[in-house]
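Student: The structure's right below; bear with me while I get my questions together.
The values are calculated or read from the model by the stated rules, or taken from the named source; none is laboratory data. Just so we're clear, the structure is a prediction, and the values are computed from it rather than from any experiment. Counting neighbours? That spans all protein chains shown, and the Cβs are built from the backbone with ideal geometry, glycine included. Each accessible area value is taken on the protein alone, full model and side chains, heavy atoms only, with ligands, DNA and RNA left out. Shrake-Rupley method; radii C 1.70, N 1.55, O 1.52, S 1.80 Å.
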There are 2 protein chains.
Amino acid sequence: MLTDFNRLKVFYTIYRHKSAAAAAREMYISQSAVSQSLGKLERELKTQLFVRLHKKLVPTSAAGRLYEIIEPFVRNLEGGLAWLEAEKSGPRGVLRIGAPVEFGSRNLVELVAAFRKKHPAVFFEVALGHPDMLLPRLAAGELDFIFADIFPGRGARNLPPFTVSPVLKEKLVLACSAGYYSARLGGKLTPAALAGCEFLDYSQGQTALLNWFRHHYDKSFPGLKAVLTVESVQAILNAIKGGLGLGIVPEYLVEAELKAGSVKAVRTGRPELLNRISLVRLKGKAAAPAEKAFLENF
Amino acid sequence: MLTDFNRLKVFYTIYRHKSAAAAAREMYISQSAVSQSLGKLERELKTQLFVRLHKKLVPTSAAGRLYEIIEPFVRNLEGGLAWLEAEKSGPRGVLRIGAPVEFGSRNLVELVAAFRKKHPAVFFEVALGHPDMLLPRLAAGELDFIFADIFPGRGARNLPPFTVSPVLKEKLVLACSAGYYSARLGGKLTPAALAGCEFLDYSQGQTALLNWFRHHYDKSFPGLKAVLTVESVQAILNAIKGGLGLGIVPEYLVEAELKAGSVKAVRTGRPELLNRISLVRLKGKAAAPAEKAFLENF
DNA sequence: TGTCAGCATAAGCGTTACTTAACCAATGAT
DNA sequence: ATCATTGGTTAAGTAACGCTTATGCTGACA
């Protein structure tokens, strides 16, 4: 590659003016410096770039070609720097956020919608997925911050480069329709009776269900019959209401139905399982105004 | 604009490796120098470009944006420099040539065709037009060289930046078909009889005809009846053979017809008018291999 | 013909980018 | 645990090289 990029800038300025003196004036340096810089560049490229005509530098075809390469770069650069400047003046630009599927498609989009009312110059790129996929992307700089079910204490042991702050706690209940409840469980909530039911979950791994059972019975229940797997809270909710089986949903989403009795939650006496979402950011990363404004809510 | 382009090169290298140490190794400078350069760039832009993660530099979104600007530039630059290098190794690239309409569309294209047989990597841009239009373009660096009816002595007085070398001399004759000749001129070649004829010329200004008359009679004949104006020697030739009138053509093109008697040339006793074409180049301009090879013919 | 503007070159200086060195932090091997 | 290793930062001194000043040259213009 070329050794000295600054000579290209000098060349660029000369070319625009077809004059070293004019270029020198524009750059606030001496004409001699410009001349020397050009000479060095020509010697470096072993190519004549200008024909010295009296009071004028006439570009050769090589110079023309070189200029065609540099000109768009300078233009883009100026635009880019102006954009950087603008981003510092107030909330604008792109925010790249990662989130778990459920949280991302439910809570996050609401937040985004509300935020964009106030700051329409901010755009969003939301990546949904498991924290195991999202954390590496955060660490690689592909995301500005992520939401994940990781907590400051446990689990954050081997993540020193991240700052983790709790953001949201919501109770998760195992629920089904009133009809399903009376037909399949009818009062006797033994683990065995439960385990024989039909289940709804968000992923093939049944992580949501497994967590729920471990939390309530300190025991894992492999081989649950997952009759429906779909990565959508709304879909699970509808499946529950339709009497397909038992599924995990945030309690507040079925509050009305629970009160009315059309949906039943499985209660074990223990406190409900909590879905704890944390905000995870790169330690030491400065937040642009857009990011700062968005995170003020938390 | 940005003050220092070289810092951008350092940034570019860091970004590719996500590491200052690796960048330093690639650039054969110390890791400390890289770190300092990056620090200065960030301070200059007042923007954090990398998050310092242990043993890794994680780019911020600003860095990503900056990289998107620099990367294509570097790619284009490398390509361009390679191209420059290739041009020096042998005849290739683009040759931008100016020429008078007649010469350009007749002789030049033949030369180009022959040349491209030997050097197919050379492309041509031919600009046809009057020397008055072509000379400024040559002086502005838009053309590599031009052909023009300018001569080393006369006319080249106020053109010190150009080198002019004669290239071609051809006799120009005023000719018509044998039929037209006997019907309209029939032996008596008085200027008055001539002036009353029908004429064919290449341009509205009748420069070819005016030159011919001035050369042979030291007198201008305004108001000649130009029954056909077309910028094509071939067309004029056909018009002559078709008996439309009198037109100027290079003598060698009608040699066979003159000998056979099917075409007649108007002879005044004076030596024929010469069409003298010179090669005009910018003084001090180095010729690339392609240019050198092409001009060897002259 | 003299004056002016622009480019090239030489020499010396001054800025600044680079090196060296010391320090810190995180990682992984012993 | 502990230590060696690697990478990044910072400070200070040095050396390079880009800039300035000065001079000479050439062509344009009045």
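Student: So which residues in the range A:1-11 are surrounded by 19 or more Cβ atoms within 10 Å (Cβ to Cβ) and not hydrophobic (A, V, I, L, M, F, W, C), if there are any at all?
Tutor: Within the range A:1-11, A:Arg7, A:Lys9 meet the criteria.
Student: Among the residues of the range A:143-168 satisfying the criterion of being assigned to a loop (DSSP other than H, G, I, E, B) and at pLDDT 85 or above, which is nearest to DNA strand C (Cβ to nearest atom)?
Tutor: A:Leu143
Student: Hey, another quick one. Please specify each residue of the range B:284-297 satisfying the condition of being surrounded by 14 or more Cβ atoms within 10 Å (Cβ to Cβ) and farther than 12 Å from B:Pro91 by Cα.
Tutor: Residue satisfying the conditions is B:Lys285 alone.
Student: Another question, then. Is at least one residue of the range A:20-35 under 23 Å from B:Ala287 (Cα atoms), surrounded by 21 or more Cβ atoms within 10 Å (Cβ to Cβ), near DNA strand C (Cβ under 10 Å from one of its atoms) and more than 8 Å from chain B (Cβ to nearest Cβ)?
Tutor: yes
Student: Can you tell me which condition B:Leu53 does not meet? The list is (1) facing chain A (nearest Cβ under 7 Å); (2) away from DNA strand C (no atom under 14 Å from the Cβ), and all the others hold.
Tutor: Only one criterion is unmet by B:Leu53, namely (2).
Student: Take A:Glu42 and tell me if it is open to solvent by less than 70 Å² (accessible area, probe 1.4 Å) and of a type in the set (Asp, Glu).
Tutor: yes
Student: Checking A:Pro271 against (1) open to solvent by less than 70 Å² (accessible area, probe 1.4 Å); (2) in a loop (DSSP other than H, G, I, E, B), only one condition comes out false. Which one?
Tutor: (1)
Student: Mind checking which residues of the range A:56-79 are within 21 Å of B:Pro161 (Cα to Cα), within 7 Å of chain B (Cβ to nearest Cβ) and not small (Gly, Ala, Ser)?
Tutor: A:Val58, A:Pro59, A:Thr60
Student: Let me ask something else about it. Looking at the range A:229-252 only, could you name the residues that are modelled with pLDDT under 95, open to solvent by 50 Å² or more (accessible area, probe 1.4 Å), outside any loop (DSSP other than H, G, I, E, B) and touching a strand residue (DSSP E or B) at 6+ places or on another chain (Cβ under 9 Å)?
Tutor: Within the range A:229-252, A:Thr229, A:Tyr252 qualify.
Student: Related question: Counting just the residues of the range A:54-69 that are closer than 16 Å to B:Ala82 by Cβ and either at pLDDT below 95 or among the aliphatic types (A, V, I, L, M) (or both), which one comes out nearest to DNA strand D (Cβ to nearest atom)?
Tutor: Of everything passing the filter in the range A:54-69, A:Leu66 is nearest to DNA strand D (Cβ to nearest atom).
Student: Condition test on A:Gly261, is it closer than 30 Å to B:Phe50 by Cβ and either open to solvent by 20 Å² or more (accessible area, probe 1.4 Å) or not assigned by TED's automatic domain parsing to the domain that holds A:Val164 (or both)?
Tutor: no
Student: State which residue pairs qualify: first residue modelled with pLDDT of 90 or more and inside the range B:169-197, second residue in a helix (DSSP H, G or I) and open to solvent by 50 Å² or more (accessible area, probe 1.4 Å) in any location, beta carbons under 7 Å apart, and separation of 6 or more residues or different chains.
Tutor: B:Ser177/B:Lys241; B:Cys197/B:Arg184
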